[in-house]
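Here the structure is laid out as structure tokens; the discussion comes afterwards.
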Amino acid sequence: MLSKEEQNIAENIRQLMDDRGISLRQLEELTGINHSTIHSFLHRGRSPRVGAVVDIAKALEVPFETLLAAPKKRKKQAVA
């Protein structure tokens, strides 16, 4: 089971990737971390290494601490 911090990291990475339109393959290219490893962090509860989190933060152009913070609540968009 993931710690709260690890859950925050996964959710923040997912949100940032979505906001920037970055795919797993693109993040792989930016970080050098295999896309299946990133997928395991985000969806399968695998604990990321600190170095991987640092590399992902750099690739997403955010401070490392941003990934550790509690995820921001997203507003639900109305469907037309």
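For the stretch 1-52, which trypsin sites (Lys or Arg not before Pro) are in a loop by DSSP, counting at most 12 other Cβ atoms within 10 Å?
Filter output for the stretch 1-52: 44, 49.
Short version: ³J(HN,Hα) in whole Hz for each residue of the stretch 3-15, in order, from phi by Karplus 6.51 cos²θ - 1.76 cosθ + 1.60 (θ = phi - 60°), x for Gly and Pro, what are they?
Couplings: 6, 4, 5, 5, 5, 4, 4, 4, 5, 5, 5, 4, 5 Hz.
With θ set to phi - 60°, apply the Karplus curve 6.51 cos²θ - 1.76 cosθ + 1.60 along the stretch 35-42 and write out the HN-Hα couplings as whole Hz, x wherever there is a Gly or Pro.
So the J values, rounded to whole Hz, are 4, 5, 5, 4, 4, 5, 5, 7.
Rounded to the nearest 500 deg cm²/dmol, what is the calculated helix-only ellipticity per residue at 222 nm for the chain, with -39500 (n - 2.57) per DSSP H run of length n ≥ 4?
Value at 222 nm, helices only, nearest 500: -18000 deg cm²/dmol.
Restricting things to alpha carbons, tell me how big the chain is in terms of Rg and Dmax, in Å.
12.5, 43
Loop-only check: which GluC sites (Glu not before Pro) in the stretch 1-65 are DSSP coil with at most 13 other Cβ within 10 angstrom?
Loop-located and lightly packed - 61.
Would you kindly state how much longer the chain becomes between residue 19 and residue 66 on full extension, computed as 0.36 nm times their sequence separation minus their alpha carbon distance, in nm to one decimal?
15.5 nm
Coordinate-derived values only; no laboratory data. Everything numeric in this text was worked out from a predicted model, so none of it was measured. Because the Cβ atoms are built from the backbone with ideal geometry, glycine has one as well, and the counts that use them run over all protein chains shown.
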